[in-house]
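Colleague: Below is a structure I'd like to ask you about.
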Amino acid sequence: MEGIADSRILIPPRTKSRRAQAVVEQGIKAFFGGNALVAVIVLALITIFLFREGFGFFGQNLSNLRLYRQAGLEYVDIIRGVASRHEALSRNLSEIRLSEVRAAQKRNAPLEEINAALAPFDRFASAFSDTADNLHGIVSDLTEQASELKEQLFARAELLAQRSQLERSGAATAAEKIVVPEIDRAAALTRLREGSANFESVSAEMTAKLYNLLAEAPPLPDPAGQKAFEQWKTRTREYLAGLPAASEKLRTWSPDAPIPWYRSISSFLFGREWVTASFWQDWYGIIPLLVGSILVSIVALFFAVPLGIASAIYVSEIASAHEKRLIKPYIEFISAIPSVVLGFFGIAVVGQAVRAASQSSLLKWISFFPISERLNIFTAGCLLGFMAVPTIFTLAEDALRNVPRGFKEASYALGANRLQTIGRVLVPASLSGIVSAVLLGLGRVIGETMVVLLCAGNRIAIPDFTQGLGAVFQPVHTMTGIIAQEMGEVVRGSTHYRALFMVGLVLFTITLAINYLAQKLVARYRMSIG
């Protein structure tokens with residue numbers, strides 16, 4: 001009976017301990033589950049906020065495009081485009097002259113001799129630039145008229161919006177006090193057409209002068225320069241052949257032609273200009289920013305992938321225990337360096353060193369050297385590659401270490417040496433994990449802000465890819481950089497404000513897709529190992 005009594009006495013404490021343990025487990029589960037739920041909610045709120053602020057952009061941008069047509073800005077831009085192409089050809093002549101000077105300097109020719117040899121070319125370039133004087137005069141006059149009409153239409157639209165808002169709020173008396181002026185848009189557009197009436201005669205005169213100039217074009221001493229000059233002549237003839245098409249556009253242009261709703265979306269996704277705070281017309285095209293981000297990321301991965309993966313292989317399979325304790329913490333410490341510090345280092349050291357190296361006599365043979373901009377794609381890419389190394393190194397090392405030990409032992413048993421085992425067994429077995437490490441490294445660099453803002457040059461333009469690898473040494477702007485640079489200066493709710501949110505939404509979508517693809521590859525890697 002005593003044994004039975006004792007067993008009955010011992011049962012309640014066990015039950016209490018089990019209940020306490022269950023309560024603790026439920027508390028731990030609720031804690032981690034609650035944090036996971038908070039993370040999901042925060043991500044959902046960020047997504048909703050980006051969509052809410054960003055998608056209002058398309059309606060505002062469509063209104064701007066319609067105002068652009070109704071005020072005649074689009075009409076003037078047809079002539080402005082002709083003048084801009086002429087200016088671009090003039091700049092190309094300056095670039096050809098610069099390449100000629102560099103080629104002569106590589107031959108150690110004195111400056112006086114260079115200028116004397118290029119004197120006929122300089123006269124040709126000056127005469128070419130002068131042929132567009134009358135064209136620029138037409139553009140200047142029409143710009144004033146169209147800009148004035150745009151301001152009047154915009155002010156009238158603002159007053160109508162204010163009156164409508166007051167009427168909806170019930171303040172009919174205040175709404176009646178707002179005087180909305182009438183604008184004779186038809187008369188203004190008629191004056192605009194009359195001002196451009198002599199465009200055809202001006203373009204015909206310019207065409208005759210340019211064909212005469214091309215017939216008398218002087219030769220250049222350097223063969224490469226002469227080849228570029230011949231290509232320029234071909235582009236100039238194509239430009240002259242397109243002048244009748246510009247005249248036809250002016251004749252068929254209509255200020256009341258409807259602009260489809262999708263034009264606002266396509267102009268953003270495929271537009272090649274990002275122009276803000278312009279007296280003429282704002283353009284929000286993401287292509288130059290997207291190209292800049294992609295090029296900087298490619299250069300960064302060019303440096304980060306070999307360094308990160310090679311370091312991971314060495315630490316995982318070759319290094320001794322003492323080397324591992326020394327190398328691994330130092331590589332992972334890189335991620336603790338503030339990005340703004342790396343940006344300053346890029347401005348003061350890396351950019352200056354790259355430009356100085358390009359001016360070295362040992363690198364004369366490179367066609368696009370020396371470079372004039374120390375802040376460019378290459379400088380920003382070097383710094384971002386340095387920042388991405390820890391991410392790629394850590395994840396790639398984990399992938400290599402998680403390969404089953406039996407794979408390695410089987411390889412050694414078949415007579416393979418260490419390098420053969422690494423190259424033919426371990427790396428292929430962990431390839432999905434390594435690729436996911438590279439993708440996460442890409443997500444790391446494409447979302448970086450301070451380094452690209454400080455080191456990429458911040459020029460909103462698509463690089464000149466005709467220079468080959470020389471395009472890597474040209475300044476660009478990126479999606480993250482434009483948001484950081486302009487968000488603090490825009491008016492809340494404006495088209496520019498919402499355009500920056502759309503850029504953020506595109507960046508968010510890209511990084512989300514990269515991380516999703518990396519997670520899929522990790523899951524595939526684990527299944528193959530399992």
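Colleague: If the cut-off is a Cα-Cα distance under 27 Å, which lysines reach residue 209, setting aside same-chain residues fewer than 8 apart in sequence?
Modeller: 227, 233, 249
Colleague: For the chain, what is the calculated [θ] at 222 nm in deg cm²/dmol (nearest 500), taking -39500 (n - 2.57) for each run of four or more DSSP H residues and dividing by its residue count?
Modeller: Roughly -24500 deg cm²/dmol at 222 nm, from the helical runs in the chain.
Colleague: Additional query: Taking just the alpha-carbon atoms of the chain, what radius of gyration and Dmax come out, in angstrom?
Modeller: 32.7, 126
Colleague: Run the reach check for residue 520 against aspartates and glutamates, Cα to Cα strictly under 20 Å, same-chain hits fewer than 8 apart removed. What comes back?
Modeller: By straight Cα distance, residue 520 reaches 397, 398.
Colleague: Follow-up question, since we're still on this one. Would you please classify the overall shape of region 186-323 from the alpha carbon gyration tensor, given that a ≥ b ≥ c denote the square roots of the eigenvalues, rounded means a/c under 1.5, and beyond that prolate means a/b larger than b/c while oblate covers the rest?
Modeller: Since a/c reaches 1.5 but b/c is at least a/b, the shape of region 186-323 is classed as oblate.
Colleague: Counting only Cα, what are the radius of gyration and maximum Cα-Cα distance Dmax of region 50-182, in Å?
Modeller: Every Cα atom of region 50-182 included, Rg and Dmax give 25.8, 82 Å.
Colleague: Something else: Please give the helix 321-333 orientation as an angle from the longest Cα principal axis of the chain, in degrees from 0 to 90, rounded to the nearest 10.
Modeller: Approximately 40 degrees, to the nearest ten.
Colleague: Which lysines, if any, have their Cα less than 24 Å from the Cα of residue 324, not counting same-chain residues under 8 positions apart?
Modeller: List returned: 408.
Colleague: Please give me, ordered by residue number, the GluC sites (Glu not before Pro) of region 186-268 that lie in loop per DSSP and have at most 16 other Cβ atoms within 10 Å.
Modeller: Sites meeting the loop and neighbour criteria: 216.
Colleague: Can you pull a Stokes-Einstein diffusion coefficient for region 370-475 at 20 °C (1.002 mPa s), Rh from Kirkwood over Cα pairs, as a whole number of µm²/s?
Modeller: 131 µm²/s
Colleague: Arrange the following residues from fewest to most other Cβ atoms within 10 Å of their Cβ: 280, 261.
Modeller: 261, 280
Colleague: What order do you get for 143, 478 when you list them from fewest to most C-beta neighbours inside 10 Å?
Modeller: 143, 478
Colleague: For residue 284, which sequence-distant residues (separation of 5 or more, or a different chain) have an amide H within less than 5 Å of its own amide H, given hydrogens modelled in the peptide plane?
Modeller: Under 5 Å from the amide H of residue 284: 275.
Colleague: Which whole-Hz couplings ³J(HN,Hα) result when phi for each residue of region 313-320 is put into the Karplus expression 6.51 cos²θ - 1.76 cosθ + 1.60, θ = phi - 60°, listed in order with x for Gly and Pro?
Modeller: 5, 5, 5, 6, 10, 10, 5, 6
Colleague: Across all directions of projection, what mean area in square nanometres is found for the Cα convex hull of region 71-259?
Modeller: Computed as one quarter of the Cα hull surface, the answer is 15.2 nm².
Colleague: In whole Hz, what ³J(HN,Hα) sequence does region 159-164 give by Karplus (6.51, -1.76, 1.60; θ = phi - 60°), x for Gly and Pro?
Modeller: 5, 5, 5, 5, 4, 5
Colleague: Using only Cα atoms and rounding to the nearest 10 degrees, what angle (0 to 90) does helix 431-446 make with the longest principal axis of the chain?
Modeller: Orientation of helix 431-446: about 50 degrees from the principal axis.
Colleague: Cα axis of helix 73-106 to longest principal axis of the chain: angle in degrees, 0 to 90, nearest 10?
Modeller: Compared with the principal axis, the helix lies near 80 degrees.
Colleague: Which of 17, 361, 99 comes first, and how do the rest follow, when ranked by fewest Cβ neighbours within 10 Å?
Modeller: So the residues, fewest neighbours to most, are 361, 17, 99.
Colleague: Using only the alpha carbons, work out the radius of gyration and Dmax of region 291-529 in angstrom.
Modeller: Cα only, region 291-529: 20.5, 70 Å (Rg, Dmax).
Read-outs throughout are calculated quantities, based only on the coordinates presented, and are distinct from any laboratory measurement. What you see is a predicted model, and the numbers here were worked out from it, not measured in a lab. For neighbour counting, all protein chains shown are included, and Cβ atoms are generated from backbone atoms with ideal geometry for every residue, glycine included.
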